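S.K.: Handing you this structure, nothing more for now.
Nothing in this text is a laboratory measurement; each read-out follows from the coordinates by a stated rule. Predicted model only: the values in this text are computed from it and were never measured. Note: ideal-geometry Cβ built from the backbone for every residue, glycine included; neighbour counts use all protein chains shown.
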């Protein structure tokens, strides 16, 4: 739609229809530049359509000379229709049956989306968008050009915190060292396993610096999501210190973090591009349960692959970089920066973790990263309706496939699904490396496992980026990757058996 940029100010509006029975007219506070207005419109369309599966976009635009209705909404003058005020905007509900409009407005209020006002009732005028509102569509004006210093700060603080943990290990080693004997132990030196503290410190200190320097955080949802991550991080860290917190409590804590994140942001998965299932997800209860289960599953998957120097951290960086790239590609720069911040914090820790394993990620770090990765995946599809949720799943294909195969293997052996073993793909690769390089120490062979699996984890990412809006292609690619995992697992297992036979003969 061609248009001539009018003089400022600019009033954004969006009009939607619902089943030919209800009309939604969203009006937002005046913006000072045309670019700001277009940014609000982009976010508004995505937010409204992602929260209303039956809505059809009828019209939208930025007007320099708003009509009487837009002026009335912005100024807070009582209207003859039901109006929902939220941060920086309002929605007018119009219907031939007033009960339908009333019901829609009140339902939105019950779900925490704003305040519903009856016809003729006084309302406050519209201010600039409230960036903590779940209907917020501005996200400040964040771009990558102003984020490099921020990313460097996060990585540096994370590195310093991880270095401090390593240098002071004699003081806290009695609590933080890993178990002297363990089924999955693959190194010789006592090592602190609280690397998650370094990552969390990098993110937290950077936010505090922003608050002190700028008076606000550049990313409005990093603070609530840091808060929401505390149960997942806390229970994982408790396992690192006590070695007595089971898998179930940690998984439940991560699911609690997901519910906290929903409560603070209002975001949950509403679509998987599967019509019958999407009907269930349209109900908030099922949407919350599935979102919590999905995020908890990703967190557990990251914990499962955390077995060798740099493996989980490196894979996490690859996944977060892919999410950031896809978010930037569809114009969601704030999410791209957020994912990049987490990746930068992980990179700072990785300098101490790979190749020599000075500090380990631990359960706290694995569940923290898993929660953030899972929630970035949720934000990617909910903030950007053109991106299928299958794209996030395909980006995380390697840890997810590892988890699915581990569960299947343990069920076949009639073991608890959380039972630790040395039959993961990364464990078999390490065993094969040890057999082929008998003169190398355990610590040396440990560091050789991660690089090939980093490459393996990156294989499905180009497909996720190229076909992010095509759920059929994405789901097929995920199934093919799982089959590829099975082939690779069988090949490595066979090579291990052959190497053992050769060793026995010699």
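S.K.: Listing 258, 72, 244 from the residue with the fewest other Cβ atoms within 10 Å to the one with the most, what is the order? Could you put the intermediate results ahead of the total?
M.R.: Numbers: 258 28, 72 18, 244 7.
The fewest-first ordering by Cβ neighbours comes to 244, 72, 258.
S.K.: What does the C-alpha gyration tensor say about the overall shape of segment 270-361? Classify as rounded when a/c is under 1.5, otherwise prolate if a/b is larger than b/c, or oblate. Could you put the intermediate results ahead of the total?
M.R.: Numbers: a/c = 3.31, a/b = 1.72, b/c = 1.93.
Oblate, because a/c is 1.5 or more while a/b does not exceed b/c.
S.K.: For a footprinting-style exposure proxy, rank 492, 56 by other Cβ within 10 Å, fewest first.
M.R.: On the way: 492 17, 56 12.
Least crowded to most crowded, the residues run 56, 492.
S.K.: Follow-up question, since we're still on this one. Is segment 348-432 rounded, prolate or oblate when judged by the Cα gyration tensor, a ≥ b ≥ c being the square roots of its eigenvalues, rounded requiring a/c under 1.5 and prolate requiring a/b larger than b/c? If you can, show how the numbers build up before the last one.
M.R.: Numbers: a/c = 2.22, a/b = 1.25, b/c = 1.78.
Because a/c hits 1.5 or more and a/b fails to exceed b/c, segment 348-432 counts as oblate.
S.K.: Ok, one more. Arrange the following residues from fewest to most other Cβ atoms within 10 Å of their Cβ: 154, 40.
M.R.: Details: 154 29, 40 26.
Least to most surrounded, the residues fall as 40, 154.
S.K.: Given only helices, namely DSSP H runs of n ≥ 4 each adding -39500 (n - 2.57), what is the per-residue ellipticity at 222 nm of the chain, to the nearest 500 deg cm²/dmol?
M.R.: Values: 21 runs with 305 residues, N = 506.
Mean residue ellipticity at 222 nm (helix-derived): -19500 deg cm²/dmol.
S.K.: Rounded, prolate or oblate: which fits segment 144-500, taking a ≥ b ≥ c as square roots of the Cα gyration tensor eigenvalues, rounded meaning a/c under 1.5, else prolate when a/b beats b/c? It would help to have the intermediate numbers written out before the result.
M.R.: Values: a/c = 1.57, a/b = 1.15, b/c = 1.37.
It comes out oblate by the Cα gyration axes.
S.K.: Evaluate E = 1/(1 + (r/R0)^6) for residue 417 and residue 21, where r is the Cβ-Cβ distance and R0 equals 41 Å; express this FRET efficiency to the nearest 0.05. Write down the numbers at each step before the final one.
M.R.: Working: r = 47 Å, r/R0 = 1.15.
Once rounded, the FRET efficiency stands at 0.30.
S.K.: Can you give me the C-alpha center-to-center distance between segment 433-477 and segment 187-208, rounded to a whole angstrom?
M.R.: A separation of 24 Å, based on Cα centres.
S.K.: Would you mind calculating the relative contact order of the chain from Cα pairs under 8 angstrom and at least 6 residues apart, reporting the percent as a whole number?
M.R.: Working: 915 pairs, mean separation 71.9, N = 506.
This gives 14 percent for the chain.
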